[in-house]
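Submitted below is the structure of interest, expressed as structure tokens.
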Amino acid sequence: MDRLADPGNTINLIKKYGFTFQKRFGQNFLIDAHVLDRIMDEADINGEDHVLEIGPGIGSMTQYLCERAGKVTAVEIDRELIPILKESLKDYDNVAIINDDILKTDIAGLIEEYGGGRKTKVVANLPYYITTPIIMSLLENHAPVSSITVMVQKEVAMRMQAGPGSKDYGALSLSTQYYSKPEIVANVPPNCFIPRPKVGSAVIRLDIYDEPPVRTKDERLMFKLIRAAFNQRRKTLVNSVANAGELGNSAYGKL
């Protein structure tokens, strides 16, 4: 199978299957080989790794992952893409294609079943509309992964990496940095995708901590407090918590 990082090959495959892009799935396929090579290098993929790919699309990145990783599990929500993936990945015997919604998937069970105990890394070109829920689901549910290397909207990547005092610093920054060390490793312009997104993109790598840098008795309460505080930035922390209703009552009881 020809490399799908080539725009012509991507267009031909899409036309062959009469595929129509679905806005509700946020589909933008990578067509730049240099970007894909960069992602593979930054994710540090090797033959000992099991890689979980979320939203493989037509398999552009999956082909690269299969050539470097020991095993790849690709979870795709759009059933119309499954026959395309089966063709684009037919030359690889180390990939499992799963038609499912990653937010409804037992990720730990999936890794156990398909990873075979291998070290697992998440690598993906994430749909921008659902980037934060996917990443926070992986982090908050303590998915058994060592790193997450993903293509996201540049603005979101900057918020994840932002430090205190910057305009991008907020609840997402604190949540991401509690569980991992984030680093933007590449900026990617719109012309690297089909169709072109309206915003710039970035690749960010999250190295997951074995233990969080701070300890808390109640993670869920801590993040509820953080979100309440940043949702009403112009209010004092006490007023923000008080305005959060039931959260305020439970929080005051534990402060």
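State the number of residues belonging to segment 1-32 that are of a type in the set (A, V, I, L, M, F, W, C), under 15 Å from Cys192 (Cβ atoms) and in contact with an Asp or Glu (Cβ under 9 Å, 6 or more places away or on another chain).
Let us first name the residues in segment 1-32 that are of a type in the set (A, V, I, L, M, F, W, C), namely 1, 4-5, 11, 13-14, 19, 21, 25, 29-31.
With under 15 Å from Cys192 (Cβ atoms) added as a condition, the list becomes 4-5, 11, 29-31.
So of that shortlist, the ones also in contact with an Asp or Glu (Cβ under 9 Å, 6 or more places away or on another chain) come out as 5, 31.
Qualifying residue count, segment 1-32: 2.
Got a sec? Which of Ser173, Ser180 is touching a residue at least 24 places away in the same chain (Cβ under 8 Å) and hydroxyl-bearing (Ser, Thr, Tyr)?
The unique qualifying residue is Ser180.
Next up: Can you spot a residue in segment 157-164 that is among the basic types (Lys, Arg), part of a helix (DSSP H, G or I) and farther than 18 Å from Gly57 by Cα?
Yes, because at least one residue in segment 157-164 is among the basic types (Lys, Arg), part of a helix (DSSP H, G or I) and farther than 18 Å from Gly57 by Cα.
Residues Ser146, Ser60: which one is more than 30 Å from Gly18 (Cα to Cα), modelled with pLDDT of 95 or more and of a type in the set (S, T, N, Q)?
None of the others qualify; the one that does is Ser146.
Let me ask you something else. Among residues belonging to segment 137-148 that are over 9 Å from Tyr179 (Cβ atoms) and touching a residue at least 40 places away in the same chain (Cβ under 8 Å), point out the one that is most open to solvent (accessible area, probe 1.4 Å).
Among those residues, the one meeting the criterion is Ser146.
Which ones in segment 201-255 are outside any helix (DSSP H, G or I), open to solvent by 30 Å² or more (accessible area, probe 1.4 Å), modelled with pLDDT of 55 or more and of a type outside the set (S, T, N, Q)?
Arg205, Asp207, Ile208, Tyr209, Asp210, Glu211, Pro212, Pro213, Val214, Arg215, Lys217, Asp218
Can you tell me which condition Val156 does not meet? The list is (1) of a type in the set (A, V, I, L, M, F, W, C); (2) over 23 Å from Cys66 (Cβ atoms); (3) over 14 Å from the mean Cα position of the chain (by Cα), and all the others hold.
Failing condition for Val156: (3).
Also, I was wondering about something else. Would you please list the contacts, defined by Cβ atoms under 7 Å and residues six or more apart or on different chains, that run from a residue in segment 20-36 that is in contact (Cβ under 8 Å) with a residue 40 or more places away in the chain and farther than 12 Å from Asn191 by Cβ to a residue that is part of a helix (DSSP H, G or I) and open to solvent by less than 20 Å² (accessible area, probe 1.4 Å)?
Phe29/Thr10; Phe29/Ser60
Looking at segment 172-184, is at least one residue modelled with pLDDT of 95 or more, closer than 30 Å to Lys23 by Cβ and surrounded by fewer than 18 Cβ atoms within 10 Å (Cβ to Cβ)?
yes
The values are calculated or read from the model by the stated rules, or taken from the named source; none is laboratory data. Worth saying up front: this structure is predicted, and the values here are computed from it rather than measured. Positions of Cβ are generated from backbone atoms using ideal geometry, with glycine treated the same way; all protein chains shown enter the neighbour counts. Just the protein is used for accessible areas: all its heavy atoms, side chains included, with ligands, DNA and RNA removed. Shrake-Rupley method; radii C 1.70, N 1.55, O 1.52, S 1.80 Å.
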